[in-house]
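The values are calculated or read from the model by the stated rules, or taken from the named source; none is laboratory data. Only a predicted model underlies this, so the values are computations on that prediction, with no experimental measurement involved. Ideal geometry is used to build each Cβ from the backbone, glycine not excepted, and the neighbour counts take in all protein chains shown. To get the accessible areas, we keep the full protein, side chains included, count just its heavy atoms, and leave off ligands, DNA and RNA. Shrake-Rupley method; radii C 1.70, N 1.55, O 1.52, S 1.80 Å.
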Amino acid sequence: MIQRTPTRIEAHLSEHDGRSWQQLLSESITSPEILLDRLGLPAEHWLSGARAGHRLFPVRVPEPFLNRMERGNPEDPLLRQVLPLDQETRQVPGFVSDPLAEEGAIETTGLIRKYRSRALLMVTGQCAVNCRYCFRRHFPYDDQRLGPGDRQQVLDTLADSPEINEVIFSGGDPLAASDRLLAQWASAISSLPHIRRLRLHTRLPVVIPQRVCDALLKWLSTTPLQIIMVLHINHPAEIDRPTRRALGYLRAAGVTLLNQSVILKGVNDQADTLEQLSESLFEAGVMPYYLHAFDPVAGAHHYDVPDDDARALVRELLARLPGFLVPRLVREVPGRPGKTPLNLFP
Ligand code: SF4
């Protein structure tokens, strides 16, 4: 069993006002009016488009993330990830509701199987932040909600698949679920001898750093599984002091931290931004892992960056950064046995 040292940290992370992560999650901004008001953006210019986008995919922004945005700046790179726009209502050929064909990869309720050695468990459909470009913005989470009988079915499927050595907690954001539930899943999965690693794909330690609480660190540091956390950070301004501190606690608990970003027009499609992102990640103890080419999801065409532009950006990063700070530029192509690297020198 891997024994790591849990750390008492809640007092530090919530020192600004004492609110728990559950409170911050439940108090997230869920209305376009309030979002615009809090950021000092004129309703007469923004509200009608924001409402139109919101009807398709609701607004959700937690306060600790909002506080990192610049008031009065509609181009703020964090705001651009969460502000609904009228453009979302446009139908554009090639942009579809399920760009990664995930609905065809559902093995049993709540379990997606795309690759031979890994399986993805949809622990919850809830997220702490609704990212407008999300490739799962149309995902039928309600159909994949795990009921009491489904849990055993998932475990039986995993037990019957000895080639799976890694389970990925996904969602939604798996850390939107309670630590009690997550610890139960981790315990059940760790009893399957062929499963060695547990990976969590999450944005929560970034958007609500208070999520890295004692209860989370406790189960992470005592499970016999090796833990990898793949964060989702797109811009260096997302990494503030509380986030760095939370990431430090995760590392101290023995968690391997990686980051995946999506290349997004108007957010991070500049070499300076991506260079700074890699530097800031490394300073926070996180290795840049993937830079995803944009997945063509309906309602998000305005974020699309052509592959040739993405290649040029990564070539520029190669010239500026040591190799270990350059994320791999990849695209997920349905049906392929793993992520497809984009050739940088075609
Ligand atoms: S947190 Fe992840 S799953 Fe949730 S909306 Fe953002 S990108 Fe999608």
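Does Pro93 satisfy the criteria of being farther than 22 Å from Ile228 by Cβ and without any contact (Cβ under 8 Å) to a residue 12 or more places away in the chain? Yes; evaluated as a whole, the condition is true for this residue. Please determine, by comparing only the residues of region 251-260 that are open to solvent by 10 Å² or more (accessible area, probe 1.4 Å) and touching a residue at least 40 places away in the same chain (Cβ under 8 Å), which one is nearest to Pro296 (Cα to Cα). Per the stated criteria, the residue is Gln260. Just to be sure, is Val129 hydrophobic (A, V, I, L, M, F, W, C), within 16 Å of the chain's Cα centre (by Cα) and either in the same structural domain as Phe65 (by TED's automatic domain parsing) or not in a helix (DSSP H, G or I) (or both)? It is true that Val129 is hydrophobic (A, V, I, L, M, F, W, C), within 16 Å of the chain's Cα centre (by Cα) and either in the same structural domain as Phe65 (by TED's automatic domain parsing) or not in a helix (DSSP H, G or I) (or both). Does region 154-168 include one or more residues that are polar (S, T, N, Q), within 19 Å of the chain's Cα centre (by Cα) and either within 16 Å of the ligand (Cβ to nearest atom) or not in a loop (DSSP other than H, G, I, E, B) (or both)? No - not one qualifying residue is present in region 154-168. Residues that are open to solvent by less than 40 Å² (accessible area, probe 1.4 Å) and within 16 Å of the ligand (Cβ to nearest atom) were ranked within region 183-206; the one that is nearest to Asp160 (Cα to Cα) is Arg199.
Just to be sure before I move on: is Asp86 open to solvent by 20 Å² or more (accessible area, probe 1.4 Å), within 30 Å of Trp46 (Cβ to Cβ) and away from the ligand (no atom under 16 Å from the Cβ) in the structure I sent? Criteria met by Asp86. Looking at region 210-229, can you tell me whether even one residue there is touching a helix residue (DSSP H, G or I) at 6+ places or on another chain (Cβ under 8 Å), within 16 Å of the ligand (Cβ to nearest atom), within 22 Å of Thr256 (Cβ to Cβ) and part of a helix (DSSP H, G or I)? Within region 210-229, one or more residues are touching a helix residue (DSSP H, G or I) at 6+ places or on another chain (Cβ under 8 Å), within 16 Å of the ligand (Cβ to nearest atom), within 22 Å of Thr256 (Cβ to Cβ) and part of a helix (DSSP H, G or I). All of Gly285, Gly299 fail the test of being open to solvent by less than 10 Å² (accessible area, probe 1.4 Å) and at positive phi, apart from Gly299.
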